[in-house]
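Inspection log for the structure reproduced underneath, given as structure tokens.
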Amino acid sequence: MLVLVVYDIPNNKRRTKLANCLEGYGRRVQYSVFECFLSLSEMRNLHKALQKLVNEQEDNVRLYWITQDAFSRILTIGSPKPEPPPNYYII
């Protein structure tokens, strides 16, 4: 499942920590937007990890779960549509 993570964090240190965490789960498509292809358990782990990094009084982090059937309705301009990572890599 595709998880779109968007955030607005005014504190540079927290914002950097959150972005570094997200880089382990998906790819950055805009400065404060990540596309992550995750299983349900990975989603739960990500949510828990982000809760530890966010100040709920100052920060705004949103996770949108986009189902497979919604992929055909994704429109993009200037970039390719989101694609899941390959199942394996040949090195």
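Laid out as a table, the results:
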read-out: Qualifying GluC sites (Glu not before Pro) in segment 29-85, DSSP loop, other Cβ atoms within 10 Å at most 14; value: E56, E58
read-out: Net +/- balance of residues flanking K48 in space, Cβ distance below 15 Å, scoring K and R +1, D and E -1; value: +1
read-out: Gyration tensor over alpha-carbon atoms, segment 2-73, equivalent ellipsoid semi-axes in Å; value: 21, 13, 11
read-out: Backbone N under 17 Å from the I77 label point (7 Å along Cα→Cβ), restricted to segment 1-39; value: 30
read-out: C-alpha long axis of helix 40-53 to longest principal axis of the chain, angle in °; value: 20
read-out: Cross-link reach list, aspartates and glutamates versus K48, counting only Cα pairs under 19 Å and skipping chain neighbours closer than eight places; value: D8, E23, E35, E56, E58, D59
read-out: Charge dipole of the chain about the Cα centre (unit charges at C-beta), most positive-ward option of A19, A70, H47; value: A19
read-out: Taking I90, I74, I66 and counting other C-beta atoms within 10 Å, the order from fewest to most; value: I90, I74, I66
read-out: Extension gain from Q68 to Y31, taking 0.36 nm per residue of separation minus the Cα-Cα distance; value: 10.9 nm
read-out: Principal-axis tilt of helix 12-23 within the chain, Cα atoms, nearest 10 degrees; value: 30
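We did not get these values from a lab; they are worked out from the coordinates using the rules stated. Since this is a predicted model, take the numbers as computed values, not measurements. Every residue, glycine among them, receives a Cβ derived from its backbone with ideal geometry; neighbour counts consider all protein chains shown.
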